[in-house]
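K.L.:
Can you keep this structure in mind? I'll have questions shortly.
Since every read-out is calculated from the coordinates, none of them should be taken as a lab result. Computed from a predicted structure; not experimentally measured. Neighbour counts run over all protein chains shown; Cβ positions are idealised from the backbone, glycine included.
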Amino acid sequence: PAVGARSGTTPPDAGPATTATWREPSARLPDRVIPGHHPAQTASTVFGFSHTASAPVAASPALANGIEGLRQLARDTYARGHAADALDIQRRVLTSATEAGLPQPDDYLFLGLMLYGQRQWEEASAMLRDARARFPDNASVHENLAVILLGREQYPDCIEACEAALALGSTSPNVLDCLADVYNRIGRRDQSVLRGRQALEAKDRRFGHKT
């Protein structure tokens, strides 16, 4: 979204030539790697997925454990800096979880993080649209889809995704940043200024200082 440098950072060696970055509901302003934090945990604060996935609702223990093991392997591999390998593993996570009827929003959001880092916009867009269809009430899915749509210059869809996130109760400054950015790009200066001010106010409420 229309965020400045303090609003988040793109993954190493990646990111579109836009001011938007992937974000998450809380603590998403620090740099992606914070001293003393596990890199996978830091990625989770940028994306909106929980580092500890919730237990599957209905599956055999062996199947559930196998998928959960893949989830952890993907995060650990990403944390070690092996982005390409982690991406392949996370694709397997999503495929396996979907076939078993156990996909979680985090499965999509973490895959989206890595696709964003690899500049694979088309796959990221299609994957997050699928996530939106499966989890229409998840504000983070709408928010992160908006970032991809902004990068692909699909402005009406980007606005729609941002507004959906807000309607679902998102208080993320990044959604407002994204709206400020997209309105600026389409020449709606009044809305861009309004949303930009709202983003600054939201950051001040959340972090206790102006950014």
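K.L.:
Per-residue HN-Hα couplings for region 144-156, Karplus 6.51 cos²θ - 1.76 cosθ + 1.60 at θ = phi - 60°, whole Hz, x for Gly and Pro?
P.N.:
Result, ordered by residue: 6, 4, 4, 5, 5, 5, 5, x, 8, 6, 9, 5, x Hz.
K.L.:
Step through the residues of region 171-178 one at a time and calculate ³J(HN,Hα) from phi using the Karplus curve (6.51 cos²θ - 1.76 cosθ + 1.60, θ = phi - 60°), rounding each to whole Hz and writing x for Gly and Pro.
P.N.:
10, 5, x, 5, 5, 5, 4, 4
K.L.:
Projected onto the charge dipole of region 62-211 (+1 at Lys/Arg Cβ, -1 at Asp/Glu Cβ, origin at the Cα centre), which of His82, Asn65, Gly151 gives the Cα projection farthest towards the positive end?
P.N.:
Gly151
K.L.:
Could you calculate the FRET efficiency of Gln72 with Ala100 from 1/(1 + (r/R0)^6), where r is the beta carbon distance between them and R0 is 25 Å, rounded to 0.05?
P.N.:
So the FRET efficiency works out to roughly 0.90.
K.L.:
So, one more: Would you give the gap between the C-alpha center of region 74-117 and the C-alpha center of region 175-204, rounded to a whole Å?
P.N.:
So the two Cα centres are separated by 31 Å.
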